[in-house]
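One structure below.
The values are calculated or read from the model by the stated rules, or taken from the named source; none is laboratory data. These numbers come from a predicted model, not from an experiment. A quick note on method: Cβ atoms are made from the backbone with ideal geometry, for glycine too, and the neighbour counts reach across all protein chains shown.
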Ligand code: C2E
Ligand code: MG
Ligand code: MG
Ligand code: MG
């Protein structure tokens, strides 16, 4: 449009803009407000050992309760927070809130294995990320060896040497490291072998429809075999049925997480069912 009317001025809106980009802008400005007004809270989803159904961890998931629009899914706003850089603030807030909750649970004698926090790609790439994590652990008193960071394959695509170094530093602090949504990115086996990681999380898109879908069934089996060959723990996400859980157990998958076992929950409902020391 700016070209058409022969000037240098940039037109903010043009008719080719999709509703999505308008929504995008709305969410972006609403996100600023949400940070200011504390519209976020956290829920926690149990991870279980398939062999004995014991709780092995909790995954922290952010929720945005907008005063007018209701609950907005992180799948919708995290990518926008990444594009605008707000993810740094939001990510740090999630880590801090989760570690505080974890510390509270530990002090009350509750057992939950590892407390996992998702890390967005941009967050991981920031040069201060490791120092930030260290500071949150020091400030909250949450032990590093109870913390797990879930990192996606996309975090690992840039500057492999730096990624390996950063993961080593985090691992040396005692933090458990997992690759989230595994299978949806492009990490090669040789690269994966060099990474100081502990857990592979089979993406839920491969868990859907097993054992009926023969492709997904083959992929899930292959990831378990690959993970075990690399001496990693393998967990399946998005497990919704008894059949899926049985198939995963039969095929050697170590752990599982999903609605079949438990939905993500508020601390108030989760705490009473956590095992105590
Ligand atoms: P993710 O880390 O792969 O988390 C798993 C998602 O699957 C969560 O969606 C969870 O609620 C959902 N889920 C769990 N069990 C089942 C199931 O049995 N069936 C189905 N259909 N879904 C299941 P959620 O909470 O909407 O989060 C979506 C994504 O947003 C997460 O995917 C993660 O990538 C991102 N996210 C959530 N919280 C945070 C956060 O605090 N920081 C960052 N950076 N990303 C986050
Ligand atoms: Mg995750
Ligand atoms: Mg995942
Ligand atoms: Mg996923």
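The table below gives the values:
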quantity: Number of positions in region 143-190 that are at positive phi and surrounded by 14 or more Cβ atoms within 10 Å (Cβ to Cβ); calculated: 2
quantity: Selection count, region 106-119, where residues are surrounded by 17 or more Cβ atoms within 10 Å (Cβ to Cβ), on the phi < 0 side of the Ramachandran plot, outside any strand (DSSP E or B) and touching a strand residue (DSSP E or B) at 6+ places or on another chain (Cβ under 8 Å); calculated: 1
quantity: Members of region 47-69 that are closer than 17 Å to residue 200 by Cα, away from ligand 2 (no atom under 16 Å from the Cβ) and out of contact with any helix residue (DSSP H, G or I) (no Cβ under 6 Å at 6 or more places or on another chain); calculated: 49
quantity: Subset of region 81-105 [closer than 26 Å to residue 26 by Cα, crowded, with 19+ Cβ neighbours inside 10 Å and over 17 Å from the mean Cα position of the chain (by Cα)]; calculated: none
quantity: Residues located in region 165-191, provided they are in contact with a strand residue (DSSP E or B) (Cβ under 8 Å, 6 or more places away or on another chain) and either closer than 18 Å to residue 228 by Cβ or without any contact (Cβ under 8 Å) to a residue 12 or more places away in the chain (or both); calculated: 176, 177, 178, 179, 182, 183, 187
quantity: Those residues of region 64-103 which are over 18 Å from residue 36 (Cα atoms), in contact with a strand residue (DSSP E or B) (Cβ under 7 Å, 6 or more places away or on another chain) and within 16 Å of ligand 4 (Cβ to nearest atom), in sequence order; calculated: none
quantity: Candidate set from region 194-223 (those that are in a helix (DSSP H, G or I) and more than 16 Å from ligand 3 (Cβ to nearest atom)); member that is farthest from residue 162 (Cα to Cα); calculated: 214
quantity: Unique residue being crowded, with 21+ Cβ neighbours inside 10 Å, closer than 24 Å to residue 112 by Cβ and modelled with pLDDT of 95 or more when the list is 268, 256; calculated: 256
